[in-house]
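Heads up: the structure comes next, in structure tokens.
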Amino acid sequence: MTTPEFADNRDNFCYRHPDRQSFVLCQRCLRTICPECQTQAAVGVICPECMAAERKNRTPAQKKAERRWGGRNTATTMVRSGKPIVTYALLAVTSFIGLLQLIPGVGDAITSQLLFAAGYLYPSLSLYPFEPWRLLTAVFVHGGFLHLALNMLALWMLGQTLEPMLGRARFLALYLISGLGGSVAVAVIDPTTATVGASGAIFGLMAALLIIGRHLGANVTGILVILGINFVVGFVFSQNIAWQAHLGGVLIGALVAFILTRTRRREQRTLQIVLLSAVVVALVLIVAFLPPFLITTVYS
């Protein structure tokens, strides 16, 4: 169900398939195109008409190179199929690591090497070595099969909607930055807590779907209810759930989505990259200076 504003705004739908919602613009003519109409270009995607014009203007050397590779482009075929390749890759990698964690004797070693705890960022304040990559690696390990299954189900459902709308690079950036935000929130709110799981990244995807849906004029009540229920569950069962990661993922996911919705035009690509980079830098600075202060003052 959508709002009248959503249905009336034709910019929210593919120009060749008026019944298909999309969030991706052709990088040449800036018209909205659905996954079926997207063709991978050197930068971004282009529509079939712009692709036809580009092929018409190809040099003899370019045409020869196309014939050499059978006249097909693997990347183009993948984009046209509309398959959420990044989502599938994240599912495969995370599930593989999760299954390894179930092996007795091996699983505990993998978990201990990839989990996140604030102590790994401040060797001068703890007995742990300096291992900052744990801010992200914690996203790929889980606390059990049920934990893994629920997060992967959510990733599969959300990825199929968000990745075609945002594009692969933006979707991956949203996922990883949201996961980073979850780890930073854990370090800031409770530096003594160790955490594992993709929950921060998943909550970031839910928040992004809420922000993007609202931007497009869609009815986002259902998304808001689901997000609220999951967030409350994290507080009620906080003994086994890092609600801090949920909070950080929601806030950063919403911020990243807001940036993406406001910088979707081709000429704004540089600004988009700068703003997303600024978010990452801000998270790094926060986690570098705030938790040590809390550890030495509050927890000493």
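The values are calculated or read from the model by the stated rules, or taken from the named source; none is laboratory data. Predicted model, so just to flag it, every value in this text is computed and none were measured. Cβ atoms come from the backbone with ideal geometry, glycine included; neighbour counts cover every protein chain shown. Only protein heavy atoms, including side chains, enter the accessible area calculation; ligands, DNA and RNA are left aside. Shrake-Rupley method; radii C 1.70, N 1.55, O 1.52, S 1.80 Å.
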- Filter result for residue 54 (open to solvent by 20 Å² or more (accessible area, probe 1.4 Å), assigned to a helix (DSSP H, G or I) and modelled with pLDDT under 80): yes
- Would you be able to say whether some residue in region 160-178 is at pLDDT 90 or above, more than 10 Å from the chain's Cα centre (by Cα) and open to solvent by less than 30 Å² (accessible area, probe 1.4 Å)? no
- Message: Quick check on my filter: what residues within region 98-129 are surrounded by 19 or more Cβ atoms within 10 Å (Cβ to Cβ) and under 16 Å from residue 151 (Cα atoms)?
- Response: 98, 101
- When you scan region 211-227, how many residues do you find that are open to solvent by less than 30 Å² (accessible area, probe 1.4 Å) and either within 14 Å of the chain's Cα centre (by Cα) or within 27 Å of residue 115 (Cα to Cα) (or both)? 2
